[in-house]
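Below: the structure, in C-alpha cells.
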Amino acid sequence: MPKDMESFLSGSVDCDVHAVVPSIDALLPYFEPRWRDMILQRGIPSAESNTYPSRSPLTANPKWHAPMEPFHAIPADQLVVQALDANGTDLAICNCLYGVQMLNSEDMGQAFARAVNDWLVAEWLDAQPRLRASIVVPMQNPDMCVEEIERCACDQRFVQILMLGLGEMPLGKRYYWPIYEAAEKAGLPIAIHAGSMYRHPVTGVGWPTFHVQEYAAQSVSMQTSLTSLICEGVFQKFPDLKVVLTESGFTWLPAYLWRLDKYWHGLRMEVPWLNVPPTEIVRSNVRFTLQPVDAPPQKEQMVKLFEHIGCDDLILFSTDYPHWQYDEDPIPAGMSKEMIRKIKIDNPQTTYARLAKGDNNG
C-alpha cells in the first residue's frame, strides 16, 4: 500500500481472510463429551475440503509459508501482521472453510459447526481484537442453522453468516428461507463463499478431472446461486437481507445483469413477485469481495469495467489471505483513491451493521 494512502484508510476492513483449523485435535476441546468420545473412538480425521488442497500453489503465498508445507499452522497473530498490517487494514473478517457442510449426518454437522464457532471465538477473536468472524452453519439442516445463528449472534464479533455456493439445491429455494429470516432478524449479512457440499457435480455437465476446472467453475456456480436468490423472491420476502458473494469474482457482473434483466423483461409472468429489474436488487442487496479478481490487463479496461457495473457500492476489499491470486498489491491497477476508500471503508461499514455500530465486544 503506498505510504501516502495510509492516512485515509483508518477504519478499513478486509472482508475475507481465512482462519484454518489445523487438525481435529485443535477442535476436540470444543466438542461436547459425547461427540469428543465418538470422534476419538471412530478415529474421525479432520474434515478437509477439496476447495483449497493444502499443497496447491493457490492455497498459500510462499512468502507467508514454506511452499511445500500446508498452510494450516498460520496463527492469528501472523495473519494480523501479514494480512492487516501489510495492507493498512484495521479489521478483518475470518471465514473458516472447514468441511462441516460435507458431513452426511445432520447431527454431526451441527456438532462440528458449534465446535468450529467456539474455536473461532477462543483461538481467534479472543486472541486478536482486530478480528471478526462469520458464523459457520450446518447447511444440512436449516433449523439447525437457525439454532446456531441464534446461539452465536449474541457475540457482536460475529458479523455475518457463512454459507457455500453449492448446496443441496439452489440457494433461493424456500428450504433455505428460515436461514435468511434468522439472518435478517439478527441484522447479519449472508456470505455465500465459493465452495461445495459435494452432493452434486460442481459443473453443470458432471465432475471435472482437475482442480483448475473446479476453481474456474466457481464463478458460474455463484451466478447460478445469485439468479436463484433473485428469481425465487428471497429479497422480496426479506428486503433488509444483505448477501455477500465471496471469492465469486465480479468482472462477469455487467454481462450477467444485462442478460438477466433482458429475460426478466420477457418472462415476468413467471416471477410476478419480481417487481423491479434484477440489477436494482443487486445494487441494493448484494455485495462482492474483491479478491481473487480476474482483472483485465490494462488499468483503462478496469476503469471501463466499473463504468459498466454502474455502481460504486458493490465491491468490498478482501485479500483472501492466505490464498494467493495476486502478485504484490491486492488493489488492482486503475482504481482511484476515492474508489479505494469506498471498497476499504465505506462499503464494508455500510454492509456490516455491527462494524458501523462500533459495538464489537463479545
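The values are calculated or read from the model by the stated rules, or taken from the named source; none is laboratory data. Computed from a prediction, not measured in an experiment: that's the story for all the values here. Cβ: placed from backbone, ideal geometry, glycine included. Neighbour counts: every protein chain shown.
Residues of the stretch 186-233 that are surrounded by 21 or more Cβ atoms within 10 Å (Cβ to Cβ), in a helix (DSSP H, G or I) and among the aliphatic types (A, V, I, L, M): Met222, Leu226, Leu229, Ile230. Selection within the stretch 57-95: residues that are surrounded by fewer than 15 Cβ atoms within 10 Å (Cβ to Cβ) and assigned to a loop (DSSP other than H, G, I, E, B). The member of this set that is modelled with the highest pLDDT is Pro75.
Quick one: in the stretch 311-321, of everything that is in contact with a Ser or Thr (Cβ under 9 Å, 6 or more places away or on another chain) and either among the aromatic types (Phe, Trp, Tyr) or touching a residue at least 40 places away in the same chain (Cβ under 8 Å) (or both), which residue is nearest to His18 (Cα to Cα)? Across the stretch 311-321, the extreme among qualifying residues is Asp320. For first residues located in the stretch 325-342 and within 15 Å of Asp294 (Cβ to Cβ) and among the hydroxyl-bearing types (Ser, Thr, Tyr), partners that are part of a loop (DSSP other than H, G, I, E, B) and at pLDDT below 80 and lie 6+ apart or on another chain with Cβ distances below 9 Å form the pairs Tyr326/Ala295. Among residues that are β-branched (Val, Ile, Thr), within 26 Å of Leu97 (Cβ to Cβ) and at pLDDT 95 or above, Val293 is not included.
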